[in-house]
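Beneath this line is the structure, given in structure tokens, with notes to follow.
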């Protein structure tokens, strides 16, 4: 009983911190993102459908751990696709998710699935672009959009300029590792509001590596 009480007290103290509670809530109680396994997806209209995992929602403080579990359950292999639809969220978690995608040799695309199993255009903005950049092949879907903006620190009292510079440094390092041109970071740094990248612009940045094909 004493041991149980000690563990309980420790857990209570840990969860008394807002950031800890937000993490556990996102991981175990009400995940900020939702997923669905897709038996056969053909995002590039190649005629070769493959398994996929469709992801929707905001990227929360524990989404990377949740995402890894969903990928394991879906048993996706190299060349399979993660389909994204998200307004963004936690940048750090998004970068971890992108690293996971690249390590597993998965592709990325932006869109949602309709009731008939067809891809519908959607958007991937802010931190979601970090996840998208992790794709070994980054597939363009006709009508879908990629949006970027300057990241700011959510921590109160932090120096906003120093924080933004630090974050953009991390983002530049990550994008370079993923093979995306530094011009995407320049586009992010130029605006606080979401700027939607043109199809040709995203391709020129090497953010989209496989432009959309007409169906």
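The values are calculated or read from the model by the stated rules, or taken from the named source; none is laboratory data. Fair warning: this is a prediction, and the values are worked out from it, not measured in the lab. Neighbour counts run over all protein chains shown; Cβ positions are idealised from the backbone, glycine included.
Computed quantities for the displayed model
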quantity	calculated
Condition check for residue 36: out of contact with any helix residue (DSSP H, G or I) (no Cβ under 7 Å at 6 or more places or on another chain), touching a residue at least 60 places away in the same chain (Cβ under 8 Å) and within 20 Å of residue 137 (Cβ to Cβ)	no
Any chance residue 169 is farther than 16 Å from residue 87 by Cβ, free of Cβ contacts under 8 Å to residues at least 12 places away in the same chain and assigned by TED's automatic domain parsing to the domain that holds residue 36	yes
Single unsatisfied condition, residue 130 versus (1) surrounded by fewer than 19 Cβ atoms within 10 Å (Cβ to Cβ); (2) assigned to a helix (DSSP H, G or I); (3) at pLDDT 95 or above	(1)
Residue identified as surrounded by 19 or more Cβ atoms within 10 Å (Cβ to Cβ), part of a strand (DSSP E or B) and free of Cβ contacts under 8 Å to residues at least 40 places away in the same chain among 53, 76	53
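Residues checked against (1) farther than 17 Å from residue 86 by Cα; (2) surrounded by 13 or more Cβ atoms within 10 Å (Cβ to Cβ); (3) in contact (Cβ under 8 Å) with a residue 40 or more places away in the chain; (4) outside the structural domain of residue 35 (by TED's automatic domain parsing):
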position: 151; (1), (2), (3), (4): no, yes, yes, no
position: 164; (1), (2), (3), (4): yes, yes, no, no
position: 173; (1), (2), (3), (4): yes, no, no, no
position: 178; (1), (2), (3), (4): yes, yes, yes, no
position: 191; (1), (2), (3), (4): yes, no, yes, no
